1. Express in % the proportion of alpha carbon pairs of the range 124-187 at distances exceeding 14 Å.
2. From the P(r) of the range 29-89, could you give the percentage of C-alpha pairs in the tail past 15 Å?
3. Note down the nm distance, to one decimal, between modelled labels 7 Å out along Cα→Cβ at residue 97 and at residue 125.
4. For the chain, report the translational diffusion coefficient in µm²/s to the nearest whole number, using Stokes-Einstein at 20 °C, 1.002 mPa s, and a Kirkwood Rh over Cα pairs.
5. Suppose only helical runs count, i.e. DSSP H with n ≥ 4. What mean residue ellipticity at 222 nm does that imply for the chain under -39500 (n - 2.57) per run, divided by all residues and rounded to the nearest 500 deg cm²/dmol?
6. In whole angstrom, and with the biggest value first, how far do the Cα coordinates of the range 1-114 range along each principal axis?
7. Apply 1/(1 + (r/R0)^6) to the Cβ-Cβ distance of residue 35 and residue 165, taking R0 = 45 Å, and write down the FRET efficiency to the nearest 0.05.
8. Over all alpha-carbon pairs in the range 80-195, figure out the percentage whose distance exceeds 16 Å.
Ligand SMILES: [Zn+2]
Ligand SMILES: [Zn+2]
Ligand SMILES: [Zn+2]
């Protein structure tokens with residue numbers, strides 16, 4: 001059995017052949033580690049290497065075939081588990097609370113932004129009349145405004161709250177690098193963000 005992983009959010013560039021893992025083992029460790037950790041997110045690289053980022057900040061991974069890391073549904077009796085990983089994983093809702101108490105931990109970068117990421121950009125489809133556009137990121141209709149100076153005028157969709165039909169996030173860069181090419185919504189890393 002496996003657990004659902006969070007997206008492996010990063011500010012770094014990620015090439016298109018790198019894959020975000022949606023699921024991973026409940027517990028992971030390398031042979032040299034003194035305790036089991038819990039993966040928060042996982043990434044698979046094209047040469048067959050996997051990296052799990054754990055809730056405490058440790059990275060666990062290596063070649064899948066070479067058995068560079070161990071995965072477990074339940075650690076063998078008596079083997080210690082990282083307390084930071086155990087508490088944060090339960091507090092974020094990845095697994096049941098080990099104490100029975102309600103634990104809360106709010107991971108950053110997981111929730112959609114309150115302000116639409118296409119605000120004040122040209123990521124809109126103009127509607128007849130030219131005063132209102134359909135936001136290509138969230139689907140809402142919003143006014144268009146002239147922005148930029150008199151020598152560099154451009155139209156942009158106004159700043160607005162994120163609508164209900166927000167496009168799927170890039171697993172690595174979320175909605176931070178949203179761009180539009182030929183009517184398609186993409187992350188600047190090249191991954192499709194359309195529903
Ligand atoms: Zn840990
Ligand atoms: Zn929008
Ligand atoms: Zn991206």
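1. Values: 1235 of 2016 pairs.
Of the Cα pairs, 61 percent sit more than 14 Å apart.
2. Numbers: 882 of 1830 pairs.
Tail fraction, whole percent: 48.
3. About 4.6 nm separates the two model spin labels.
4. On the way: Rh = 19.1 Å.
This corresponds to a translational diffusion coefficient of 112 µm²/s.
5. Details: 1 runs with 9 residues, N = 195.
Using -39500 (n - 2.57) per qualifying helix, the result is -1500 deg cm²/dmol.
6. 43, 41, 22
7. Values: r = 43 Å, r/R0 = 0.97.
The computed FRET efficiency comes out at 0.55.
8. Working: 4432 of 6670 pairs.
More than 16 Å apart: 66 percent of the Cα pairs in the range 80-195.
Only the coordinates and a few stated rules stand behind these numbers; no lab work does. Here the structure is a predicted model, which means the values were calculated and not measured. Reconstructed Cβ throughout: ideal geometry from the backbone, glycine too, with neighbour counts over all protein chains shown.
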